[in-house]
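This is the structure I want to talk about, given as structure tokens.
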Amino acid sequence: MAGETAVLNKTKKIDVVIGTRPEAIKMAPVILELRRRESFAVRVIATGQHTDMLRQALGYFSLAPDADLGIMKDRQTLDHITSSVLLGVGGLFDGDPPDAALVHGDTSTTFASALAAFYRRIPIGHVEAGLRSFDMSRPFPEEMNRVFADRLATWHFAPTELSRENLLREGARNGRIYVTGNTVVDALHATLERLAGSVPDADFARKLSGRAFILLTAHRRESWGEPLGRICRSLLEVLERHPGLMALVPMHKNPAVREVMRGFFEKNERIILSDPLDYPDFVWAMNSCALIMSDSGGVQEEATTLRKPALILRDVTERPEAVEQGSCVLVGTDGPRVVSEASAILAGGRACRMLMERCSRNPFGDGLASSRIADALL
Ligand code: UD1
Ligand code: UDP
């Protein structure tokens, strides 16, 4: 009996492994929640798949990695990320084995660190489990990364009922699936509360000076090359059709993306090109713009949570809940389609229909996902 109590009271060592900006934003509320509870000792491992973008996101939550593998290379390959993370995270696990490892989402960090844990029989919790586009080439390689991570995981923290169903269909055990909501809603709610309606004291906000604007982000591997060119040309055409409208384009740090965007936008006075925005500034921009255009995964959940019209610049999505709820429209990267959908929203028709749906429940959760994950881990 006494022995049992000792086991129950033992602090659990949890390694949280993150590599990129969205993993930092979406795992920050989980790390903070676990650290609030005495039952857990949390080590934050950064693989360094992203460097400045990861630190920028973590910094906002007053977090810093306890270990950083610093693996990033300019224009890195998938082989490089996967092999360096496997070796690097594996080495850290060997040096100080945790009771469990938490990974998030669908990046190469997610897959390779889950594999490193699996090789050592360390139980794995996969946060944001079960999303599926059912197309292994879109998003690439993320769809397969997420499938691999789900297969390797012991506990699945599924954000929605649909993601739970996807996991069950693939044979995951029901008792190991926890429908928690998406932790991005936790991060977003906390940030909106901190913003309390204030306007960022930043260059981009001064340049916008209260004018209506489109917010554009694009970075996906399947968008590189011609699709990104079509996205850029579409934005230019939408601006031409709507005099007075501005655009804010916070560029991902990937040089393959920045070179293309600079080529199209640098000389345009109505387009503000910037480095990645701090998370609260980006939240302000999403909340304040007339329209979001993005190929991002997380932005689909955030636009839905904020009830903001968004054009999803992809052909398929692993987040169909965003499209069903009404605020996100899946438009691909075909120029005429993007321009006509953007114009329809800016003219008010679709936006009005979406307004009607504003009372519908947020499919991505209620802001309590992190505490459900901590409860489940206990
Ligand atoms: C990665 C993820 C993608 C996720 C995205 C979030 C994979 C395969 N891809 O894609 O799922 O949506 O992160 O943003 O895991 N770079 C910097 N500084 C940084 C970050 C990136 O300079 O802080 C540059 C480097 O040149 C790097 C390149 O961007 O080689 C690409 O980074 P990488 O992580 O390979 O791909 P992402 O497109 O960021
Ligand atoms: N984001 C940010 N600053 C920016 C652009 C995006 O903080 O300039 C945030 C955004 O709010 C979301 C996350 O980064 O939470 C999305 O990251 P990204 O689009 O790079 O990755 P994905 O979600 O597509 O994997």
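When the Kirkwood hydrodynamic radius is evaluated over all pairs of different C-alpha atoms of the range 1-108, what value in angstrom, to one decimal, is obtained? Show your work: numbers first, answer last.
On the way: mean 1/r = 0.0683 Å⁻¹.
Averaging 1/r across every pair of different Cα atoms and inverting gives 14.6 Å.
So which lysines pass the test for residue 73, namely a Cα distance under 29 Å, with those fewer than 8 places away in the same chain ruled out?
Excluding near neighbours in sequence, the set is 26, 253.
OK, next. Using a probe radius of 1.4 Å on heavy atoms only, what accessible surface per residue do you get for the chain? Whole Å² is fine.
42 Å²
A further question on this structure: Can you give the extra length, in nm with one decimal, that the chain gains between residue 121 and residue 334 once fully stretched, where that is 0.36 nm per residue apart less the Cα-Cα distance?
Roughly 72.1 nm would be gained on extension.
Now a separate question. Compute the distribution of all C-alpha to C-alpha distances in the range 162-278, in bins of 5 Å from 0, and list the percent of pairs in each, rounded to whole numbers.
Each 5 Å bin holds this share of Cα pairs: 2, 9, 16, 15, 14, 12, 12, 9, 6, 4, 2, 0.
Counting only protein heavy atoms and using a 1.4 Å probe, what share of the accessible area of the range 90-192 belongs to carbon plus sulfur, as a whole percent?
Carbon and sulfur: 55 percent of the exposed surface of the range 90-192.
Another one. At a 1.4 Å probe, what is the % contribution of carbon and sulfur to the accessible area of the range 265-352?
With neighbouring chains kept in place, the figure for the range 265-352 is 49 percent.
Could you compute the net charge surrounding residue 123? Neighbours are other residues with a C-beta less than 12 Å from the C-beta of residue 123; K and R count +1, D and E count -1.
+3
As a check on your grasp of the helix formula, calculate [θ] at 222 nm for the chain: sum -39500 (n - 2.57) over DSSP H runs of n ≥ 4, divide by the residue count, round to the nearest 500.
Theoretical 222 nm ellipticity from helices: -14500 deg cm²/dmol.
Okay, next question. Can you give the FRET efficiency to the nearest 0.05 for residue 269 and residue 52, using r as the Cβ-Cβ distance and R₀ = 41 Å?
The computed FRET efficiency comes out at 0.90.
Working out 0.36 nm times the residue gap between residue 35 and residue 203, then minus their Cα-Cα distance, what length gain in nm do you get to one decimal?
Taking residue 35 through residue 203 to full extension adds about 57.0 nm, to one decimal.
Name the lysines eligible as straight-distance cross-link partners of residue 207: C-alpha to C-alpha under 20 Å, and not fewer than 8 places from it in the same chain.
Result set, ordered by chain and number: 267.
State the percent of C-alpha pairs, over all pairs in the chain, separated by a distance greater than 28 angstrom.
44 percent
Once R0 is set to 51 Å, what does the formula 1/(1 + (r/R0)^6) return for the Cβ-Cβ distance between residue 378 and residue 78, expressed as a FRET efficiency to the nearest 0.05?
The formula returns an efficiency of 0.90 here.
What distance in nm lies between label points placed 7 Å from Cα along the C-beta direction at residue 256 and residue 12?
Rounded to a tenth, the inter-label distance reads 3.8 nm.
What's the local net charge at residue 316, with K and R +1, D and E -1, over the other residues with C-beta under 15 Å away?
Overall, the nearby charge balance is -3.
Using 0.36 nm per residue of separation minus the Cα-Cα distance, give me the extension gain between residue 343 and residue 169 in nm, one decimal.
Working: separation 174, 0.36 × 174 = 62.64 nm, distance 3.94 nm.
Here the segment from residue 343 to residue 169 would lengthen by 58.7 nm.
Could you tally the net charge around residue 202, taking each other residue with its Cβ under 14 Å from the Cβ of residue 202, Lys/Arg +1 and Asp/Glu -1?
After counting each charged neighbour, the total is -3.
Then there's this: Report the far tail of the P(r) of the range 220-285, meaning the percent of Cα-Cα pairs longer than 15 Å.
Roughly 54 percent, once rounded to a whole number.
Take residue 224 and residue 62, extend 7 Å from each Cα along the Cα→Cβ direction, and tell me the distance between the two endpoints in nm.
Taking the simple label geometry, residue 224 and residue 62 are separated by 3.9 nm.
The values are calculated or read from the model by the stated rules, or taken from the named source; none is laboratory data. The shown structure was predicted, so the numbers you read here are calculated from the model rather than taken from an experiment. Methodologically, a virtual Cβ is constructed for each residue, glycine included, from the backbone with ideal geometry; neighbour enumeration extends over all protein chains shown. Heavy atoms of the whole protein, side chains included, go into the accessibility calculation; ligands, DNA and RNA do not. Shrake-Rupley method; radii C 1.70, N 1.55, O 1.52, S 1.80 Å.
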